[in-house]
Amino acid sequence: MKNQRIFNKSFLFLFISNFLVFIGFEMLLPILPAYLLSMNATSIQVGLGTSLFTVGAVLFRPFVGYYLMDNQRKSLAICASAALMVITILYPFLNMIWLLLLLRLFHGAAWGGSTTANSTMVVDFIPKTRLGEGIGYFSISTTVGAIVAPSIGILIYDSFSFDILIWSSAVLSLLAVLALQFVYSPTIVKREKKPFRFLDMIFEKDVWFQALLTVITTLGFGAIITFLVLFGKQREVDHIFLFFLINATVSTLLRPFTGKWYDKKGPWSIIIMAAGLGFFSLIILSYTTNESQLIVAAILFGAGYGTVMPCLQTWTVQKVSEEKRGAANATFFSSFDVGVGVSAFVLGILAEWISLEMIYRLVSLSFIVVAVLVYKDYINEKIRHNKSNPPLF
């Protein structure tokens, strides 16, 4: 019988590499805006730094997805991690705002290449019957890295200097490259593929439904990262960081169970249940006036949003053939970026007219929309297979 272990050597070293990449990258996020401001950048230029990064990631991912169809994924992952290291080192040497903004564009491209290559390559090392469970485990490297890193970055910046922070991030990228050396590079079966067409590659049409669900789900996350600190100050709730910490902890602890549920029942029941938890988390958050309520909201959000996203990624790669996994992953991550960007922009405008508690109540409806769409897809799927009244749970 074929080896059904998830935690094989290649999976573990790829997990370590991805975790180091996320730590090294995310620790810069809360500091770069302040660094730009210290160089007398305007608020528009600071915002442009974030926008150009997103543009770089979204525009580069189609090329990555096309390359991953029939080329060595390990080589691209190594090159992307190395590029992140080199680009990071350049920050202190650029003393002109426009050069830093240009660097942000290339930084986004390298980030898009790294995340797409790693998430595509890891599927090769997960038993197909345990794909949901395996991707759930692998996504821990993303969520934990993203939660822990900002605090580490702020600590290094406050205790030492921006240069030390940069070199720390670069060293982590170097360690990520070294970890990739221990990852097995499977032989990619050469297949005839269509010529590169940018519009086709930027959006893999076979996963349009999963991409739509990703955008809608991410609206709630965008509202959290955009407004939660301000909301905490308005409600005089101390230790707002507890929400992020508990959210990451709960979503991590649930991964083994939710992944097995996905593999056994498919995507529909687990996503519908998790979307319901996400809805209640934002409703409770909108009424939060103390830390106890904040903790309850964080637990539900970790169980809800923290479950939906890895399930959507698993569903995305399952919908396409092996050679299209790179393109499918590129579409998934680009959908995430679009969701966060749209959320920050649209909700930022709405916040001028309505309160933040109403923002959270409004965005909570996005989880209801996801649940309804997934249930409709479940019914359509069963009709297509001529099955009547199948149990959902």
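The values are calculated or read from the model by the stated rules, or taken from the named source; none is laboratory data. Predicted model, so just to flag it, every value in this text is computed and none were measured. Note: ideal-geometry Cβ built from the backbone for every residue, glycine included; neighbour counts use all protein chains shown. Just so you know, the surface numbers come from the protein's heavy atoms only, side chains and all, with ligands and any DNA or RNA stripped out. Shrake-Rupley method; radii C 1.70, N 1.55, O 1.52, S 1.80 Å.
A few remarks follow.
- Any hit, the stretch 381-393, residues being surrounded by 18 or more Cβ atoms within 10 Å (Cβ to Cβ), in contact (Cβ under 8 Å) with a residue 40 or more places away in the chain and aliphatic (A, V, I, L, M): no
- Scope the stretch 31-82; condition open to solvent by 10 Å² or more (accessible area, probe 1.4 Å), within 19 Å of W111 (Cα to Cα) and of a type in the set (S, T, Y); matching residues: T50, S51, T54, Y66, Y67, S75
- Residues of the stretch 150-179 that are out of contact with any helix residue (DSSP H, G or I) (no Cβ under 7 Å at 6 or more places or on another chain) and over 27 Å from L12 (Cα atoms): I154, L155, D158, S159, F160, S161.
- Residues satisfying the stated conditions in the stretch 313-327, i.e. aliphatic (A, V, I, L, M) and farther than 13 Å from L131 by Cβ: A327
- Residues satisfying the stated conditions in the stretch 346-365, i.e. polar (S, T, N, Q) and open to solvent by less than 10 Å² (accessible area, probe 1.4 Å): S364
- Residues in the stretch 305-340 that are out of contact with any Lys or Arg (no Cβ under 7 Å at 6 or more places or on another chain), open to solvent by 40 Å² or more (accessible area, probe 1.4 Å) and not β-branched (V, I, T): Q318, K319, S321, E322, K324, F336.
- Residues in the stretch 127-158 that are closer than 18 Å to Y184 by Cβ, open to solvent by 30 Å² or more (accessible area, probe 1.4 Å) and hydrophobic (A, V, I, L, M, F, W, C): 0 in all.
- Of all the numbered requirements in (1) under 27 Å from V122 (Cα atoms); (2) touching a Leu at 6+ places or on another chain (Cβ under 7 Å); (3) open to solvent by 50 Å² or more (accessible area, probe 1.4 Å), L213 misses one, and that requirement is (3).
- Verdict on F182 being under 26 Å from Q72 (Cβ atoms) and loosely packed, with under 15 Cβ neighbours inside 10 Å: yes
- Restricting the stretch 88-126 to residues that are open to solvent by 10 Å² or more (accessible area, probe 1.4 Å) and of a type outside the set (A, V, I, L, M, F, W, C), the residue that is modelled with the highest pLDDT is P92.
- Conditions (1) within 24 Å of I270 (Cβ to Cβ); (2) of a type in the set (S, T, Y); (3) open to solvent by 10 Å² or more (accessible area, probe 1.4 Å): number failed by S343: (3)
- Of the candidates I240, I283, I272, the single residue that is surrounded by fewer than 22 Cβ atoms within 10 Å (Cβ to Cβ), touching a Ser or Thr at 6+ places or on another chain (Cβ under 6 Å) and either modelled with pLDDT of 85 or more or not basic (K, R) (or both) is I283.
- Count - residues of the stretch 54-82 that are within 20 Å of the chain's Cα centre (by Cα) and either within 18 Å of W167 (Cβ to Cβ) or in contact (Cβ under 8 Å) with a residue 40 or more places away in the chain (or both): 18
- Check on G132, touching a residue at least 24 places away in the same chain (Cβ under 8 Å) and touching a Cys at 6+ places or on another chain (Cβ under 8 Å): yes
- Looking across K382, K387, one residue alone is at pLDDT below 90, among the charged types (D, E, K, R) and assigned to a helix (DSSP H, G or I). It is K382.
- If only residues of the stretch 185-209 that are of a type in the set (A, V, I, L, M) and at pLDDT 65 or above are counted, the one that is least open to solvent (accessible area, probe 1.4 Å) is V207.
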